[in-house]
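Notes follow the structure.
A short reminder: the numbers here are calculations on the coordinates, not readings from a lab. In this text the structure is predicted, and so the values were computed from the model without any measurement. All Cβ positions, glycine included, derive from the backbone under ideal geometry; neighbour counts span all protein chains shown.
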Amino acid sequence: MKLRALAAVAALSVSALVAAPALADGRLAVTLEKPVSAKTKIVAGGAVFVCEDASCVAASAPSRALSVASCKALAKEAGRVSAFGGDAKVLAAEELERCNASAKAA
């Protein structure tokens, strides 16, 4: 009986370790004020954003990528950002202002 309980706990522990990184990752979408001139890949906050026209998307981004610092890194390369976020959270207006302080000059 103890062996079965130990095996069950071990199985749950392994599945939790495997599932944890998947739960931390999510999709991030960014809207730029002006479109980029060509399709571009930008790494910011540990996420790879693919920018085309006036949008950038990171299909699988770590939770740390949803930050003002990550937004600033993206804005330095792509220009001013009008929206930055994922399903669970978006940056507020004052956070976008701080982000755009580092934006690439038009």
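A simple spin-label model places pseudo-atoms 7 Å from Cα toward Cβ; at Lys41 and Ser102 they are separated by 2.1 nm.
A simple spin-label model places the labels of Ser60 and Ser82 3.1 nm from each other, with each point 7 Å out along Cα-to-Cβ. Count charges around Cys99 for me, please; just the other residues with Cβ under 9 Å from its Cβ, Lys/Arg as +1, Asp/Glu as -1. Computed value for this residue: +1.
When only Cα pairs under 8 Å and 6 or more residues apart are kept, what is the percent relative contact order across the stretch 24-106?
On the way: 195 pairs, mean separation 26.7, N = 83.
Taking the mean separation of contacting Cα pairs over the length of the stretch 24-106, I get 32 percent.
Put a dot 7 Å past the Cα of Glu95, heading toward its Cβ, do the same for Asp25, and the two dots end up 2.2 nm apart. 3J(HN,Hα) along the stretch 40-50, derived from phi through the Karplus expression 6.51 cos²θ - 1.76 cosθ + 1.60 where θ = phi - 60°, amounts to 9, 10, 10, 9, 8, x, x, 10, 9, 8, 9 Hz, with x in place of Gly and Pro. Per-peptide packing, taken as the mean over residues of other Cβ atoms within 10 Å, places 33-39, 83-89, 69-75 in the sequence 69-75, 83-89, 33-39 from highest down. The aspartates and glutamates whose alpha-carbon is closer than 13 Å to the alpha-carbon of Lys104, local same-chain residues fewer than 8 away aside, are Glu33, Glu77. Other residues lying with their Cβ under 14 Å from the Cβ of Pro62 contribute a combined charge of +2, Lys and Arg counting +1, Asp and Glu -1.
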